[in-house]
Amino acid sequence: MTESQRPSGEYPMYPSYGNGDAAYPPPPSYQPAQPFATGPGTTVWPSGNGGSDGNGGNGVGGPDFPPPAPQEPAAPRNRARRPVALLAAVAIAAAIVGGGTATVVEQLTGNSSNSASSVIPGTTVSQSSKGTVSGVAEAVSPMIVEINATSTAGESTGSGVVITSDGEVVTNNHVISGASSIKVTLSTGKTYTADVVGTDPDKDLALIKLRGASGLKTATLGDSSQVAVGDQVVAIGSPEGLTGTVTSGIVSALDRDVTVAKEDGSGQGRGGQSGGEQWPFEFGGRQFNGDTGESTTTYKAIQTDASLNPGNSGGALINMNGEIIGINSAMYSASSSGSSSSSAGSVGLGFAIPVNTLKADLDTLRAGNSS
């Protein structure tokens, strides 16, 4: 009997590798295939020749599988919101810069609410009636008054525009020139006695004040620099004493040189019904409606084909927003020299003092100065 070569109670030992320690199972005779990375988040195992029996191809006896599809790293959820927030911030900044720029421009150019070209607020046309003659007439008629001036030459009738709630009324100088007493009638029929505050014969403007008036509706003084030829306009006044008469037309021309009398002279140069010839003025070197006399003044006027007749002088020329753009001052009558006012009539040639001229002159008129 042969003796066992293994020590008692021990199992056979396999050859050791490397460090002399026992290993189980023994290492293979080849290096196992190792994965390699091709990009972030992607691992590819090398493939073999891939037999049909399903035991080859990956070097470890398993079938070939396609590499997993590459995946993009998940983006932070709040990244998509950043452009929106950025756009909002830019919009706010632009609005702030735009407002600041407008303020700077306004300060540099002097375009403030106190400039002569700005609109002085008052009663205007309602939004639903804006752009209609009836809407303009309804809104503005309460601010147009009839003026009856008495002088040594007789009595004349003109019109005026209420600009303050306590009774300041603008009219033409030639309406009240030389008057010893002035009576004003509102559209409601209520009458007031008025005093002359100031006159400017060079501009044919005057300011009167109603005694004891309060709570009156006031007109909106617009911006005559924005008026264009062809604009639709409305005229309101008291032709031949017919209070609150409304006519309409367009702006026919701008910057017409019109000459009117500065002072009263035997009824000439007045805006009403006394005397012979009515409302005399000069235009283009010719005299119309009689002799203007030796004391005259010339101004740039808005020309309109809205019907104007004696008594419209001092009334309002109004745009379709209900803003006063001119003070009616002269009209051409086709009547022959010496004819009565009853035969005189409008032929579509009327003239108005631009409202910006009035606004620039208001401080002078209120101070009681006259030139």
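Residues 155, 168 ordered from highest to lowest accessible area at a 1.4 Å probe: 155, 168.
When you count, for each residue, the other Cβ atoms within 10 Å and take the mean per peptide, how do 196-204, 243-251 rank with the highest first?
Values: 196-204: 21.0, 243-251: 19.4.
Per-residue Cβ counts within 10 Å, averaged per peptide and sorted highest first, yield 196-204, 243-251.
Exposure check, 1.4 Å probe, all protein chains in place: residue 296 carries approximately 50 Å² of accessible surface.
Using the average count of surrounding beta-carbon atoms within 10 Å as a protection proxy, the listed peptides 141-153, 311-323, 219-231 rank, highest first, as 311-323, 141-153, 219-231. Evaluated with a Cβ-only charge set (Lys, Arg +1; Asp, Glu -1), the range 162-206 carries a dipole of roughly 240 debye about its Cα centre, given to the nearest 20.
Once backbone amide H atoms are built at 1.01 Å from N, residue 248 has 235, 307 as its partners under 5 Å, excluding neighbours fewer than 5 places away on the same chain. Near residue 330, the amide H atoms lying under 5 Å from its own belong to 351; only residues 5 or more places off or on other chains count, and H is placed 1.01 Å from N. The charge dipole of the range 180-245, taken about the Cα centre with unit charges on the Cβ atoms of Lys, Arg (+1) and Asp, Glu (-1), comes to about 460 debye, rounded to the nearest 20. Here residue 190 is the anchor, and the lysines within straight C-alpha reach of less than 19 Å, apart from those fewer than 8 places off in the same chain, are 209, 217.
For the range 179-218, the C-alpha radius of gyration sits at 1.28 times the compact-globule guess of 2.2 N^0.38 Å, with N the residue count. Projecting label points 7 angstrom from Cα along Cα→Cβ for residue 229 and residue 254 puts them 1.0 nm apart.
The values are calculated or read from the model by the stated rules, or taken from the named source; none is laboratory data. Just so it is clear, the model here is predicted, and its values are computed rather than measured. Positions of Cβ are backbone-derived with ideal geometry, glycine not excepted, and every protein chain shown enters the neighbour counts. Note: accessible area is taken over every heavy atom of the protein model, side chains too, but ligands, DNA and RNA are not part of it. Shrake-Rupley method; radii C 1.70, N 1.55, O 1.52, S 1.80 Å.
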